[in-house]
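Comments concern the structure below.
The values are calculated or read from the model by the stated rules, or taken from the named source; none is laboratory data. None of the values given here were measured: they were computed from a predicted structure. When we count neighbours, we look across all protein chains shown, and the Cβ atoms used for this are built from the backbone with ideal geometry, even at glycine. Just so you know, the surface numbers come from the protein's heavy atoms only, side chains and all, with ligands and any DNA or RNA stripped out. Shrake-Rupley method; radii C 1.70, N 1.55, O 1.52, S 1.80 Å.
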Amino acid sequence: MDIRLDGIGHAYDDFEVMRDIDLEIPTGQIVCIVGPSGCGKSTLLRFIGGLEQPKKGRVLQVGAPPAGCLNPLTYIFQDFALLPWRTVWGNISLVLEDHGIRGAAAKDIIDDVLARTKLSDFAEALPKQLSGGMKQRVAIARALAVKPAVMLMDEPLSALDSQTRELLMDDLVDLWTRQPFTAVYVTHNLAEAVRLGHKVVVLSRRPGQIREVVTIDKPLAAREFSDPDLDRYQKDLWHLMREEARAADAELIHV
Amino acid sequence: MSESSAKPVSFRGGGFAPRSVRWIGVTVFVALILIAEWGTRSGWISALTLPKPSDVLDTFRELYESGLLFKHLGPSLSRLIVGAAIGASVGISVGVLIGLFSYIRSGLVPLVAAIFPIPKIALLPLFVIWFGIGEGSKYALIAFGTFTPTVVATYGAVDNVDRTLIRMGQSFGLSWWSIVRKIVLPGAMPGILSGLRISLAIAIILLVAAEMLGAQYGIGAYILEAGSLYDLERLFAGVLILSLLGVIVSAVIGLIERRLLRWRI
Ligand SMILES: Nc1ncnc2c1ncn2[C@@H]1O[C@H](COP(=O)(O)OP(=O)(O)OP(=O)(O)O)[C@@H](O)[C@H]1O
Ligand SMILES: [Mg+2]
């Protein structure tokens, strides 16, 4: 299932946040969205996930979601959004219960996603007992449990320290390599974008427009920590963004 | 830097984290009672000011041995339980509705604000007309008194539930009812329980008020009778029962909190 954004524009009252966004998110690819603060990245992701409606344009699903998919568009939040009163197991079973999946069927799915995110030993732990990186892995496990067609990630690693971030990026690459998934990945961090993105979409400052779409051909599994090829991409992206970021930063002063 | 100018950094953290220390509560009670006992015995507290704690205890024992204690306690407890259960459950339901729906919120918040400051005791005659002189008016008074603080605590607690958790529920396609049951209610539980502490104390206060009118048996009736005779020992024995009731209710809520809110940091 592909996602197509068709002329998306939006304004909060008279405050225009984005204009004319056309974008194709093909199956099996990770599309990273970068842009200066306040350019509408989170808003765009909410449009894609159907949590908010754009004033102009449409978000289209092209083709049917794959068989067995319980929740085609599935979020992973920056602040994890785990229920603190449920265990790791309970947090994952939460999203299955409404689909009538309980008992042995639920156990199969939960065991599988916990194994894939290396959390099998923590099924009975409460969120307060987990580190930030583990909490985000629980959130990823929960997202995997509903077999999403597209994962929508809003700065999923921003709340984590840089070492944990590296580890989780490796985990995401592993997951993708074993079973390619489609994702829209919003981030501030250009290193994350070039590490995980098949395409990197650069947005201009508010009102957000697409400035450039950079395609990175190197296979995910071949990309490494401080890879010189990636560094070049990262430098190019930074050149694209620098003026925008500076202008956006100056703009906030008089808003 | 020379060794002589080195001194340890003075500690200035700590504090602001009260814990409950075992036995301190009991010690405070015992100390106060011992002071009263000593004062009444040695005479610097006159017998008219305060009865001797040991006499109060004797009265209490007599009450227990004559079987009158349970004759008074039984009806009181059933009034308290029925009234508070009605008031708290309606209060929690209405509070959740106010927390979830704009129209109900706009319609009921001013109404609740208008009802809250009315001393419910003043409405007792009205309840007697509506529900009769029997148990009905007593249940109604207690229920009404517990209802308002429960509503206010509940909708405040629902307002404080983390919105990102609710968005998360929606983004996974959970049904409205599942979101309410599995996200809103557990998230509001800490606030609801601390509201219940207050509501149930108010229920005990209103229990006595209700029983002062047309009840043959009940702790309130007992206290009222003792009071009109200036029988301080029996008055205090009655008050002792109420205090014990308050301590038990608070302990039960503490127990529920520890069980239900283990997930809190
Ligand atoms: N509900 C709302 N009402 C009014 N303005 C909003 C609302 N949500 C977002 N905005 C504004 O829209 C703009 C884009 O917000 P958005 O959160 O999408 O930006 P972002 O690119 O995700 O920023 P950041 O990088 O800081 O996360 C911001 O200027 C923000 O103030
Ligand atoms: Mg954002």
Normalising by the residue count of the range A:121-255, find the relative contact order in percent from Cα pairs under 8 Å and 6+ residues apart. 19
B:Ser20: accessible area at probe 1.4 Å, nearest 10 Å²? 110
Order the peptides A:197-203, B:162-168 from the highest to the lowest mean number of other Cβ atoms within 10 Å of their residues. A:197-203, B:162-168
Show A:Tyr75, B:Tyr230, A:Tyr12 ordered by accessible area, largest first, where the area counts protein heavy atoms only and the probe is 1.4 Å. B:Tyr230, A:Tyr12, A:Tyr75
The protein assembly as shown - Rg over Rh from alpha carbon coordinates, Kirkwood radius: 1.13
Compute the accessible area of each residue in the range A:81-106 twice, once for its chain alone and once with every protein chain present, using a 1.4 Å probe on heavy atoms, and list those whose area falls by at least 30 Å². A:Ala81, A:Leu83, A:Pro84, A:Trp85, A:Leu94, A:Val95, A:Asp98
Over the range A:119-191, consider all pairs of different Cα atoms and compute the Kirkwood hydrodynamic radius from their mean reciprocal separation; express it in Å, one decimal. 13.1
Please work out the average accessible area per residue across the range B:74-216, using the 1.4 Å probe convention, and give it in Å². 44
What relative contact order, as a whole-number percentage, does chain A give when Cα pairs under 8 Å and 6 or more residues apart are counted? 28
Largest to smallest accessible area among A:Arg4, A:Arg58, B:Arg19, B:Arg12 [probe 1.4 Å]: B:Arg12, B:Arg19, A:Arg58, A:Arg4
Taking the Kirkwood radius as the inverse of the mean 1/r across Cα pairs, report the Rg/Rh of chain A. 0.97
In chain A the DSSP beta bridges are antiparallel at a rate, in percent to nearest 5, of 50
Considering Cα pairs under 8 angstrom that are at least six residues apart, work out the relative contact order of the range B:74-216 and quote it in whole percent. 36
If the label point sits 7 Å along Cα→Cβ of A:Ser42, residues of the range A:76-106 with amide N under 14 Å come out as A:76-81
With a 1.4 Å probe and all protein chains kept in place, how do A:Cys39, A:Cys69 rank by accessible area, largest first? A:Cys69, A:Cys39
Cα-derived Rg over Rh, computed across the range B:74-216 with Rh taken as Kirkwood radius: 1.07
How much solvent-accessible surface does B:Val249 expose, in Å² to the nearest 10, with a 1.4 Å probe and all protein chains in place? 30
Starting from the Cα of B:Tyr217, step 7 Å toward the Cβ, then list every residue of the range B:65-92 with an amide N under 16 Å from that point. B:65-81
How large is log10 of I(q)/I(0) for the range A:81-148 at q = 0.17, 0.18, 0.24 Å⁻¹ when the intensity is taken from the Debye formula with one equal scatterer per alpha-carbon? -0.49, -0.56, -1.01
Suppose R0 equals 60 Å. What FRET efficiency, 1/(1 + (r/R0)^6) with r the Cβ-Cβ distance, do A:Glu52 and B:Ser42 give to the nearest 0.05? 0.20
Can you tell me the convex hull volume per residue for the range B:140-265, based on C-alpha atoms, in Å³ to the nearest whole number? 120
Kindly identify residues of the range B:126-171 having a loss of at least 30 Å² in accessible area between the isolated chain and the assembly of all protein chains, probe radius 1.4 Å. B:Thr164, B:Leu165, B:Arg167, B:Met168, B:Ser171
Taking R0 as 25 Å, what's the FRET efficiency between A:Ala104 and A:Ala67 from their Cβ-Cβ distance, rounded to 0.05? 0.80
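For A:Gly68, what is the net charge nearby, where nearby means another residue's Cβ is under 15 Å from its Cβ and Lys, Arg count +1, Asp, Glu -1?
Numbers: positive: A:Lys147; negative: A:Asp108, A:Asp112.
Counting the neighbours of A:Gly68, the net charge comes to -1.
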Above 36 angstrom, tally the Cα pairs of chain B and express them as a % of all pairs, no decimals. 34
Which value in nm describes the separation of the simple spin-label points at B:Arg181 and A:Glu243, placed 7 Å from the Cα toward the beta carbon? 5.7
Of all accessible heavy-atom area on chain A, the percent that carbon and sulfur account for (1.4 Å): 51
Please report the antiparallel percentage of the DSSP beta bridges confined to the protein assembly as shown, to the nearest 5. 50
Need one value: the accessible area of A:Arg137 in square angstrom, 1.4 angstrom probe, rounded to the nearest 10. 50
